[in-house]
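Enquirer: Got a structure here, written out as structure tokens. Questions coming.
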Amino acid sequence: MGWHAEDGGPRRPQQVAGWLAGRPEPATALSVTTRLAPVATMVVGDPGGPRYLLRHTAGPEGRTVVERIDPVTLEPEVTSPELPGGPVWPGGAARADDGSVHVVFGDHAHRLDADCRPLASRRLPRHRPYNSFVTLPDGHLVTKDFGGATPFQPVAAHEREPCELVVLDPETLDVVDALVMPEASIARLTADGDALYVVGDTSLLRARWDGRRLTLDDGFRARYRTLDGQGYGWDCTIAAGAAWFLDDGEGAERYTGTLRGHGVATAPLHLVRVGLADGAVTMAEVCGRPGGLVANPPLVDERRGVVVGFDSGNGVIAGFDLGTLDLRWRRDQDHGSHLLLFADGGELVCGDGADVVVLDVATGEERARADTGLGVQSVVFPAPGDGCAYVVAFTGVARIAPA
């Protein structure tokens, strides 16, 4: 169950083979180990190998810390020094093939060795948050600046500037190339091979990397924001010949331990499908109510032909048919984070306030539930472990295993 980067890789599949228990056995009761450790963002690592927890300090300007943690007790084995950061928004970490750890947070990128000792550091071109990165097949990192509001810095729609993609050398972190895109972007980057997908604040955009230079795909610009009162989209996942994401993203900076009730869009929140070949846009309403809000992507299970979307502002999660986008199931549930699927078992790990919930991804039936002990709704990144899952919130990290 390798999990080198957030969401399981640059296509953001949010799934891993196997079962939560690590064997063909459904999880019907859960045990929880909790460690409070503000401000946590994600766990990355490999089966039987090191697991790393990314954290940062609070306030408008922050610093970041990487811990190598015990995979069972969650206690730190080694901790990096506080690393230079910048304007605060959750960043990202990934474990490289050579065992080093890359980090992007604030307006800085870092490379650490396996024992969390700094090897390289680079200040990024713009003084604003860079919300994580993707690793391309040749090892280069690509990051971009975050175009949205933060709890410390409001940004009105007319103030958003077009985002800039920045390619970094994986060892030195030198800037290899950069490309200003046609729109601002709040979402995190997604990559499918050497194609980079940017959910702009009105359109899905694509850029391509040829090993030396980034170029904009001028023939691909899929406008998804076409309705009065509709909000911008968040991160996309690539599956089944399409990019999939959720709209009505404005308001995530108002998080108060939950996203419930913080949506500002007057149009209902949508699951959005954009065909990669033709740019055709198809949408389905998640619950049909105003005030929708998300800060994260949907999940596509091609094996069972289901796509899971959610509306954190209204507390709804739903499954849709992959081909028709017809509703399969819908639940009232306060889910806010990225999703995690154990694909063989069809076990969808999601949230309900401070609880972790395991659903049958095909039917929405609840299989198991437990209190994480974290006290708040997670809006960040879960990860698989060895016979377990890790749930991360801004208050800490919890290990979830079958009881």
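Laboratory data are not the source of any read-out in this text; all were calculated from the coordinates shown. If you're wondering where the values come from, they're calculated on a predicted model, not measured in any experiment. Virtual Cβ from ideal backbone geometry, glycine too; neighbours counted across all protein chains shown.
Enquirer: Counting other beta carbons within 10 Å of each residue's own, what order do 381, 105, 152 fall into, fewest first?
Expert: 152, 381, 105
Enquirer: Let me ask another. Farthest toward the dipole's positive end in the chain, which of 354, 402, 53, given Cβ charges of +1 (Lys, Arg) and -1 (Asp, Glu) about the Cα centre?
Expert: My answer, from the dipole projection, is 354.
Enquirer: Using Cβ counts within 10 Å as a stand-in for footprinting exposure, how do 328, 12 rank, fewest first? Don't jump to the answer; show the numbers that get you there.
Expert: Working: 328 19, 12 31.
Ranked by crowding around the Cβ, least crowded first: 328, 12.
Enquirer: Cut-off is 10 Å between beta-carbons; in what order do 283, 181 appear when sorted fewest neighbours first?
Expert: Final ranking by Cβ density, sparse to dense: 283, 181.
Enquirer: Based on alpha-carbon positions alone, could you give the equivalent ellipsoid semi-axes of the stretch 135-212 from the gyration tensor, as √(5λ), descending, whole Å?
Expert: Working: eigenvalues 114, 39, 19 Å².
Largest first, the stretch 135-212 gives 24, 14, 10 Å.
Enquirer: Determine, for each peptide in 167-173, 113-119, the mean count of other beta carbons within 10 angstrom over its residues, then list the peptides with the highest first.
Expert: 167-173, 113-119
Enquirer: Packing-wise, with mean Cβ within 10 Å as the measure, how do 262-275, 300-313 rank, highest first?
Expert: Peptide ranking by packing, descending: 300-313, 262-275.
Enquirer: Okay, next question. For the stretch 171-294, with equal point scatterers placed on the C-alpha atoms only and solvent neglected, what are the log10 I(q)/I(0) values from the Debye formula at q = 0.14, 0.15 1/Å, to two decimals?
Expert: The Debye formula, applied to the Cα set alone, gives -0.63, -0.70.
Enquirer: Given 25 °C and 0.890 mPa s, compute D for the stretch 295-403 with the Stokes-Einstein relation, Rh being the Kirkwood radius over Cα pairs; round to the nearest whole µm²/s. Please list the in-between numbers first.
Expert: Details: Rh = 13.8 Å.
My calculation gives 178 µm²/s for D.
Enquirer: So for the stretch 208-264, considering every pair of alpha-carbon atoms, how many percent are separated by more than 14 Å?
Expert: 70 percent
Enquirer: Continuing with this model, one more query. Please give the Cα centre distance for the stretch 352-390 versus the stretch 113-150, rounded to the nearest Å.
Expert: Comparing the Cα centres of the stretch 352-390 and the stretch 113-150, I get a distance of 28 Å.
Enquirer: If you don't mind, another one. At q = 0.07, 0.15 Å⁻¹, what log₁₀ I(q)/I(0) does the chain have when each alpha carbon counts as one equal point scatterer in the Debye sum?
Expert: -0.27, -1.46
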